[in-house]
1. If Lys and Arg each add +1 and Asp and Glu each add -1, what is the summed charge of the other residues whose beta carbon sits under 11 Å from the beta carbon of residue 3?
2. Please sort by residue number the GluC sites (Glu not before Pro) in the stretch 48-120 whose DSSP state is loop and whose Cβ has at most 14 other Cβ atoms within 10 Å.
3. Starting from the Cα-Cα distance between residue 21 and residue 129, subtract it from 0.36 nm times their residue separation and give me the gain in nm to one decimal.
4. Could you derive backbone 3J(HN,Hα) for the stretch 290-303 from the dihedral phi with the Karplus parameters 6.51, -1.76 and 1.60 (θ = phi - 60°), listing whole Hz in sequence and x where the residue is Gly or Pro?
5. Which of the listed residues, 349, 140, 308, is farthest toward the dipole's positive end in the chain, when Lys, Arg count +1 and Asp, Glu count -1 at the beta-carbon?
6. Roughly how tilted is helix 227-242, in degrees to the nearest 10 and between 0 and 90, from the longest Cα axis of the chain?
7. Neighbouring Cβ atoms within 10 Å as the yardstick, rank 216, 62 fewest first.
8. Treating the beta-carbon of each Lys and Arg as +1 and of each Asp and Glu as -1, no other charges, what is the dipole magnitude of the chain about its Cα centre, to the nearest 20 debye?
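Derivation of every value follows stated rules applied to the coordinates shown; laboratory data play no part. Keep in mind that what you see is a predicted model, and the values were worked out from it rather than measured. Cβ: placed from backbone, ideal geometry, glycine included. Neighbour counts: every protein chain shown.
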Amino acid sequence: MDGLDDLKVKYLTAVAGVTDEAALEDLRVAALGKKGEISALMAGLGKMEPDQRKAAGAMLNVLKDEIDAALRAKKAGLADAALDARLREEWLDVTLPGRPRPRGTIHPVSQVMEELTAIFADMGFAVAEGPQVESDWYNFDALNIPPEHPARQEHDTFFMHRDAGDDRPPHVLRTHTSPVQIRAMTEQGAPIRVIAPGRVYRMDMDQTHTPMFHQVEGLAIDRDISMANLKWTLEEFCRAFFEVDKVELRFRASHFPFTEPSAEVDIRYSNVGGQLRIGEGDKWMEILGSGMVHPKVLAAAGVNPDEWQGFAFGMGIDRIAMLKYGIPDLRAFFESDLRWLRHYGFSALDMPDLAGGLSS
Ligand code: PHE
């Protein structure tokens, strides 16, 4: 068979000169593909005499193997070169220092909200929410505080601006989280067990008061919930929250329009050289208001007071944060001083849960 050497030189030279995989594939098809040159010669073998066919067939097979081997070797070479190029391009210096750790911390208020949510969730309380700009019906009327009631003055309310002729119901910045009681009962009915942590607003400012602060509302309504359940729940909460065995609470008879009877609860603490300590000392800090939900409040939220009863409380989150973490001045909470946040803040990687320890 003539011309095979030329064919061999032609293809081996071409393979050697190829620089990319697509061109290499074109070459493979041209030589060894179904309609390729070598394949055409193979097809021609059938028309030959047997002796001739044998000799020619053997030579063709050798040529085919040679070209095939050259193609494969080149293909591997191209892949290696491509990998080398990528490695050169995507080179990265692993000896460079890592990114600095984020300098931000979790604010004590956020930390405490997570902690108390974990504790109350464990007692079967779900989380409810309401708006911070609230209608005066939810903030006052539905909670048995009619327009002329003196409690409205005591709340030092921020009123939302209204244009002349605006006849939408008046709105306020909510002065407490109690309106969420109404919203939750209206939405879910009874029985119900919810907490509602969030921001509240009053025109007040000194060492223990800021115009915006945080409360968590608690509400438990069922057929036979009593003051005793309230007392147990709060004591159990404080033991879990403050993570000490000795927590002393003092229940004082009080008055709220939306509970009857009502009690305020103080907690024993000491303040030695600006360090607050819980469970010892001769000082008492008021941390919450509470009581049995007034029948008128149940009725306003569409819950039948002849069938259902229960307790509610509103606790100051900033205050229990001050007590637990020994932070003496409330105003510093809202000054966004980075040095303060670095000192009192928490790592973003330690989310509190009961199993892992709340504040460890
Ligand atoms: N809303 C009351 C306050 O802000 C607290 C409270 C809530 C009292 C629920 C009784 C029941 O002072």
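1. -2
2. 90
3. The span from residue 21 to residue 129 would gain 32.7 nm if fully extended.
4. 7, x, 8, 4, 5, x, 5, 6, 4, 4, 4, 9, x, 10
5. Farthest along the dipole direction, towards plus: 349.
6. For 227-242 against the chain, the angle is about 50 degrees.
7. In increasing order of surrounding Cβ atoms, one gets 62, 216.
8. 860
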